[in-house]
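The block underneath contains the structure these notes are about, expressed in structure tokens.
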Amino acid sequence: MAYDSSNVFAKILRGEIPNKTVYESEHTLAFYDIMPQAPIHVLVIPKGAYVDFADFSANAPNIEIIDFYRSCAKICTELKLTSSNGSKGGFRAITNSGAYGLQEVPHYHLHLLGGRVLGPLLCHHTTE
Ligand code: AMP
């Protein structure tokens, strides 16, 4: 799937629409989700143009991949999401891809969700 630069996260990166920034580095931006599904719901995106997890993992230069995941680690620490915070810690990192994954925005992003017990991994599912 070719990258479509009209997607909403590309617009955020170009400064065309606002965001509530949590963290920014040379290659990575993190901001609060506009429709939070948990008390803490942050989206982490690479600044480069990658459609989804597989595209980013296969095609991004090492420096961008390292920057992305080191940024995630810093955000988890700053927002007290890590399991070292004991019974009030822990989180879930989710990335949706394509039609089966119900991906809405075709720019790779990782959802970091926490602040409460998150329930089962998949709510509405069958094994078929
Ligand atoms: P996904 O279904 O994994 O593609 O998730 C896309 C996410 O982007 C959803 O959780 C939306 O609430 C979120 N979202 C869409 N537009 C914005 C925006 N302008 N600012 C922040 N989050 C957004």
message: Just to verify a number: what accessible area does SER6 come out at with the full protein assembly present, 1.4 Å probe, Å² rounded to tens?
response: 60
statement: Rounded to the nearest whole number, the Stokes-Einstein translational diffusion coefficient of segment 1-103 at 4 °C and 1.567 mPa s (Kirkwood radius, C-alpha pairs) in µm²/s is 88
field: Residue order for ILE40, ILE63, ILE17 - accessible surface, 1.4 angstrom probe, largest first
entry: ILE63, ILE17, ILE40
message: As a quick test, which of the pairs LYS47/LYS88; LYS47/LYS74; LYS47/LYS80; LYS11/LYS47; LYS11/LYS80 have an alpha carbon distance above 21 angstrom in this structure?
response: LYS47/LYS88; LYS47/LYS80; LYS11/LYS80
- prompt: In terms of the Cα gyration tensor, with a ≥ b ≥ c the square roots of its eigenvalues, is segment 59-128 rounded because a/c is under 1.5, prolate because a/b exceeds b/c, or oblate?
  reply: oblate
- prompt: In terms of modelled amide H atoms, which long-range or inter-chain residues lie less than 5 Å from the amide H of TYR23?
  reply: ALA30
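Given a 1.4 angstrom probe, I'd like the percentage of the accessible area of segment 57-128 that is carbon and sulfur, rounded to a whole number.
On the way: 2860 of 5010 Å².
Accessible surface attributable to carbon and sulfur in segment 57-128 totals 57 percent.
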- prompt: To the nearest 20 debye, what charge dipole does the chain have about its Cα centre, counting +1 at the Cβ of each Lys and Arg and -1 at the Cβ of each Asp and Glu?
  reply: 540
query: Protein chains only, probe 1.4 Å: how do ARG14, ARG92 rank by accessible area, largest first?
result: ARG14, ARG92
statement: Checking ASN19, ASN85, ASN96 against a Gaussian network model of the chain (alpha-carbon springs below 10 Å), the top fluctuating residue turns out to be ASN85
statement: A correct Karplus calculation of ³J(HN,Hα) over segment 13-24, with 6.51 cos²θ - 1.76 cosθ + 1.60, θ = phi - 60°, whole Hz and x for Gly and Pro, returns 5, 7, x, 7, 9, x, 8, 9, 5, 9, 7, 9
- request: Show VAL8, VAL51, VAL117 ordered by accessible area, largest first, where the area counts protein heavy atoms only and the probe is 1.4 Å.
  value: VAL117, VAL8, VAL51
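The values are calculated or read from the model by the stated rules, or taken from the named source; none is laboratory data. Worth saying up front: this structure is predicted, and the values here are computed from it rather than measured. No Cβ is skipped: glycine too gets one built from the backbone with ideal geometry, and neighbour counts run over all protein chains shown. Areas reflect the complete protein model, heavy atoms only, side chains present, ligands, DNA and RNA absent. Shrake-Rupley method; radii C 1.70, N 1.55, O 1.52, S 1.80 Å.
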